[in-house]
Structure formats: C-alpha cells, structure tokens
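Everything below concerns the one structure shown next.
FYI, it's all coordinate maths here, none of it is from the lab. From a predicted model like this one, the values you see are computed outputs, not experimental measurements. Here Cβ is always computed from backbone atoms with ideal geometry, including for glycine, and neighbour counts include all displayed protein chains.
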Amino acid sequence: MDQGAYLAALQKYCPYADIRVWQDVVETNWQAEYALVWKPENELFQHQQSLVAVFNLGAGIDALEKLKDLPQDVPLYKLREAGMGQWMLEYVLYGLIHFGRHFDRYHRHQTAGRWEPKNTRSLREKRIGILGLGPLGQYVANSLHDMGYNIAGWSRSLKNDLPFPQSTGLESLNGFLAQSHFLVNLLPATDETFHILNADRLMRLPRDAVVISCGRGSIFDEHALLLQLQTHHLRGALLDVFEHEPLPIEHPFWKQDNIIVTPHIAAPTQADDAIKQVLADILDIELGGDQLY
Ligand code: OXD
C-alpha cells in the first residue's frame with residue numbers, strides 16, 4: 001500500500017484534520033477518532049481506544065476480521081467501488097479475450113511456427129457467470145452487460161434492479177455453474193465462501209470453461225481446480241488471488257501451462273477515490289447517519 005499517496009490525498013481533501021501515521025504515535029498516547037487501515041497489526045486496536053469508526057482501505061475485510069482485538073462495537077467500513085471497478089473490468093476483459101479469442105493457442109503455435117486460424121463462436125454467444133454481486137461484481141457485470149455480453153450473476157442474497165439474470169443461494173449454484181462458459185470469481189473470503197468451489201461444484205462447469213479469479217482465492221479448493229485444468233475439463237484460468245499469498249514458489253499453479261498467475265494486481269486501490277469515499281462516510285457519521293457497508 002502506498003502510504004504516501006493516502007497521506008497526500010488526505011491532506012488535499014481534508015487539510016485541517018489532525019492526521020498521524022500509526023507507527024509515529026505508537027509510543028505516545030495519541031488517540032484517533034477514525035482509523036484508516038489496510039492489514040493492520042492487532043496492536044493498533046489495543047492502543048487506540050477512542051475510535052468512532054474503522055475504514056478498511058480495500059474491498060475485502062478478511063484480514064481485518066481475523067484480528068482478535070478488532071473492536072466489535074466500532075463500525076467497520078470498507079471500500080465500495082472507489083475507483084477499482086474499471087481496473088477489475090479490464091482484468092476480467094483480458095481473461096475473456098485471451099481465452100475467448102484463443103490467444104493462448106496462437107501463443108503456443110507461434111513457438112512452433114504454426115499458422116492455424118481457428119473458427120470460433122463469438123464471445124457474445126458464451127455465458128459469463130459472475131460469482132459475487134458486491135459493488136465490484138456489479139460494476140463488472142453491468143459494464144459487460146452494457147457491452148453486449150451474455151451475463152448472469154450469482155450471490156448469496158438477492159440484489160435489486162440488475163439488468164441481467166441473477167441466481168441466489170447455494171441451492172441455485174450448481175445450475176448457475178453448469179451454464180457458465182466463463183466463471184468470474186468476485187466473492188469475498190468468509191466462512192460461507194471457503195472452498196465453495198470444491199471438486200463436485202467445479203465438475204458442474206461446462207467442458208472447456210474458463211475461470212477468472214479476482215475476488216478471494218480461498219473460495220476454490222485449489223487441488224480440485226488444478227486437477228480440472230490438468231485433465232482439460234477446464235480450458236484455462238486467469239488467477240490473481242490465492243488461498244496463500246504470495247503464492248508459494250513450489251505451488252503447482254506456477255508451472256501449469258493453461259494457468260496465468262498474476263500477483264494480486266487486478267484492481268489496486270486508488271488513493272484519491274478511496275479517500276473521497278472515506279471522507280464522505282465520515283461526513284455522514286458526523287451528521288448522524290449510520291450507513292454501514
Ligand atoms: C481488496 C484487495 O480487498 O485489494 O481491495 O484485495
């Protein structure tokens with residue numbers, strides 16, 4: 001995380017606030033009202049006893065929720081779209097085009113000097129299943145839908161006013177998977193989503209389906225995913241997130257030729273947009289609102 005960029009944005013939009021870096025006040029009794037954090041140490045919450053709200057400078061709050069002293073009575077806010085949507089969309093589009101237009105094949109053919117155009121169905125005829133319809137999932141799904149792609153969404157609870165078909169709840173997941181030629185993971189890491197895509201569920205994906213994973217990696221049973229790719233039940237995968245990060249050097253994903261591994265770069269937080277959202281939320285709190293994420 002680029003701490004300097006956040007400080008610059010805070011000073012730009014909120015020049016009169018008393019802003020400190022936690023490491024600089026750790027030895028003092030300086031108490032903050034608002035904490036802006038990304039994967040903080042547990043110690044922060046042992047020292048800071050006057051917090052009115054905690055802001056997670058990312059979309060996923062899984063790292064924060066693991067801290068034993070995270071105060072339960074202080075509201076926790078997370079970034080919603082905050083400028084990350086367009087980045088996520090580009091990442092997903094890359095995966096769709098790379099596999100959907102067979103650039104993986106052409107790349108392999110190039111090394112052998114093979115000139116072999118492949119007849120292919122238009123990407124628009126393939127169903128793109130978006131797993132997870134939080135702010136980023138909705139941004140990606142709505143944008144792809146507006147571009148004319150065939151989108152369906154799945155989430156735990158029903159979202160209103162979406163312009164594409166939506167399924168909800170575990171009982172609909174197998175049916176949703178069976179129709180997803182491209183499966184985009186934008187789910188958060190929670191107890192309910194842990195290994196939700198196990199061997200049995202991955203088998204439901206159509207033959208030659210492609211997985212694009214940019215939510216949290218723990219939703220996959222990684223061994224089962226690898227097997228499906230090794231046996232070519234699945235065509236390929238573009239993976240940005242993993243159960244353990246950094247992805248260990250000995251992990252078989254690195255060497256699997258139908259997997260592209262990227263180091264959790266799909267949608268970096270945008271300091272300016274993030275701070276604007278945080279300040280709007282603080283204003284809301286100061287004015288008596290209680291809009292939690
Ligand atoms: C996030 C992330 O949660 O970068 O925003 O993973």
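If packing is taken as the average count of other Cβ atoms within 10 Å, what order do 278-288, 195-205 fall into, highest mean first?
Highest mean packing first, the order is 195-205, 278-288.
Principal axis extents for the chain, Cα atoms only, whole Å, descending order, please.
67, 43, 35
Could you tell me which of ALA224, ASN29, ASN119 has its Cα farthest along the dipole of the chain towards the positive end, charges placed at Cβ (Lys, Arg +1; Asp, Glu -1), taken about the Cα centre?
ASN119
Could you work out the per residue convex hull volume over the alpha carbons of the range 72-113, in cubic angstrom?
Roughly 104 Å³ of hull volume per residue.
Post the alpha-carbon centroid distance, the range 190-209 to the range 39-80, in whole angstrom.
The range 190-209 and the range 39-80 have Cα centres spaced 30 Å from each other.
Return MET88, MET1 ranked ascending by Cβ neighbour count within 10 Å, so the fewest neighbours appear first.
Starting with the residue having the fewest Cβ neighbours, the order is MET1, MET88.
Quick check: the angle from helix 3-13's long axis to the longest principal axis of the chain, C-alpha only, nearest 10 degrees?
The angle comes out near 60 degrees.
Please express the shape of the range 1-60 as an equivalent ellipsoid: the semi-axes are the square roots of 5 times the eigenvalues of the C-alpha gyration tensor, given largest first in whole angstrom.
18, 15, 11
Using only the alpha carbon atoms of the range 96-219, find the Kirkwood hydrodynamic radius as the inverse mean reciprocal pair distance, in angstroms to one decimal.
15.4
What net charge is computed for the residues neighbouring LYS68, neighbours being all others with C-beta under 14 Å from the C-beta of LYS68, Lys and Arg scored +1, Asp and Glu -1?
Once positives and negatives cancel, what remains is -3.
Provide, as a two-decimal number, the C-alpha radius of gyration of the range 182-232 over 2.2 N^0.38 Å, N being how many residues it has.
1.06
Count the net charge of all other residues whose Cβ sits under 12 Å from the Cβ of ALA267, scoring Lys and Arg as +1 and Asp and Glu as -1.
-4
Quick one: if the Förster radius is 51 Å, what FRET efficiency do ALA8 and ASN198 give, using the C-beta to C-beta distance and rounding to 0.05?
About 0.70, to the nearest 0.05.
Taking amide H positions as placed 1.01 Å from N in the peptide plane, with prolines and chain starts having none, which residues 5 or more places from ILE212, or on another chain, fall under 5 Å of its amide H?
Amide H to amide H, under 5 Å and 5 or more residues apart or across chains, ILE212 pairs with LEU183, VAL184, ASN185, LEU238.
Which entries in LYS126/LYS255; LYS39/LYS276; LYS12/LYS276; LYS78/LYS159; LYS12/LYS66; LYS66/LYS276 show an alpha-carbon gap greater than 22 Å?
Those over the limit are LYS126/LYS255; LYS12/LYS66; LYS66/LYS276.
Go through the range 134-149 residue by residue and turn each phi into a ³J(HN,Hα) via Karplus (6.51, -1.76, 1.60, θ = phi - 60°); whole Hz please, and just put x for glycine and proline.
x, x, 6, x, 5, 4, 5, 5, 5, 5, 5, 4, 5, 7, x, 7
When Lys and Arg each count +1 and Asp and Glu each count -1, what net charge do the other residues less than 10 Å away from ASP257, Cβ to Cβ, add up to?
Charge balance near ASP257 sits at +1.
Given H placed 1.01 Å from N in the peptide plane, which residues other than close sequence neighbours of ALA53 have an amide H under 5 Å from its amide H?
Amide H to amide H, under 5 Å and 5 or more residues apart or across chains, ALA53 pairs with ALA35.
Along its principal axes, what span do the Cα atoms of the range 239-293 show, with the longest given first and each in whole Å?
Cα extents, longest axis first: 54, 19, 17 Å.
Whose amide H sits under 5 Å from the amide H of SER167, counting only residues 5 or more places off or on another chain, with H placed in the peptide plane?
Amide H neighbours of SER167: GLY153, TRP154, SER155.
Using a Gaussian network for the chain with springs between C-alpha atoms less than 10 Å apart, which of these wobbles most: ASN56, ASN142, ASN42?
In this elastic network of the chain, the residue with the biggest mean-square fluctuation among ASN56, ASN142, ASN42 is ASN42.
Mean-square fluctuation check for the chain, GNM, Cα pairs under 10 Å: which of SER172, SER143, SER122 is largest?
Result for the chain, Cα springs under 10 Å: SER122 fluctuates most.
Give me the extension gain from GLU245 to ASN258: residue separation times 0.36 nm, minus the current Cα-Cα distance, reported in nm with one decimal.
Extra length from GLU245 to ASN258 when fully extended: 2.7 nm.
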